[in-house]
Amino acid sequence: MPKLKTKSGIKKRVKFTATGKVKHGAVGKRHRLMSHNAKYIRQHRGTSVISDADAKTIKKWAPYGL
């Protein structure tokens, strides 16, 4: 049985916690931030945990973890 590949986009976008939850950074914070107001930029700092339904799909994309 060959090894499974991890989707390269997932490597850049998510991290796994020690308990197996999936966390990700806020979207829309890379460039062109002048179109967002200060409140949007402030409220989208840090990371958040992805719902269990979506995390199930993401774990298939990273079969051996990250």
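What follows is calculated from the coordinates using simple rules that are stated; it is not laboratory data. Everything numeric in this text was worked out from a predicted model, so none of it was measured. Cβ sites come from the backbone with ideal geometry, for glycine too, and all protein chains shown count toward neighbours.
Here is a yes/no grid of residues against (1) part of a helix (DSSP H, G or I); (2) under 22 Å from Leu4 (Cα atoms); (3) in contact with a Leu (Cβ under 7 Å, 6 or more places away or on another chain); (4) not small (Gly, Ala, Ser):
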| residue | (1), (2), (3), (4) |
| --- | --- |
| Lys15 | no, yes, yes, yes |
| Gly20 | no, yes, no, no |
| Arg30 | no, no, no, yes |
| Tyr40 | yes, no, no, yes |
| Asp54 | yes, yes, no, yes |
| Ile58 | yes, yes, no, yes |
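Report, by residue number, each residue of region 41-66 that is hydroxyl-bearing (Ser, Thr, Tyr) and either under 12 Å from Phe16 (Cβ atoms) or touching a residue at least 12 places away in the same chain (Cβ under 8 Å) (or both). Those that are hydroxyl-bearing (Ser, Thr, Tyr) and either under 12 Å from Phe16 (Cβ atoms) or touching a residue at least 12 places away in the same chain (Cβ under 8 Å) (or both): Thr47, Ser48, Tyr64.
Within region 29-66, being within 18 Å of Arg13 (Cα to Cα), among the aromatic types (Phe, Trp, Tyr) and surrounded by 11 or more Cβ atoms within 10 Å (Cβ to Cβ) holds for one residue alone: Trp61. Taking the criterion of being of a type in the set (Lys, Arg) and under 11 Å from the mean Cα position of the chain (by Cα), the only residue of region 22-46 that qualifies is Lys23.
Scanning region 1-10 for residues that are more than 17 Å from Asp54 (Cβ to Cβ) and assigned to a helix (DSSP H, G or I) yields one hit, Ser8.
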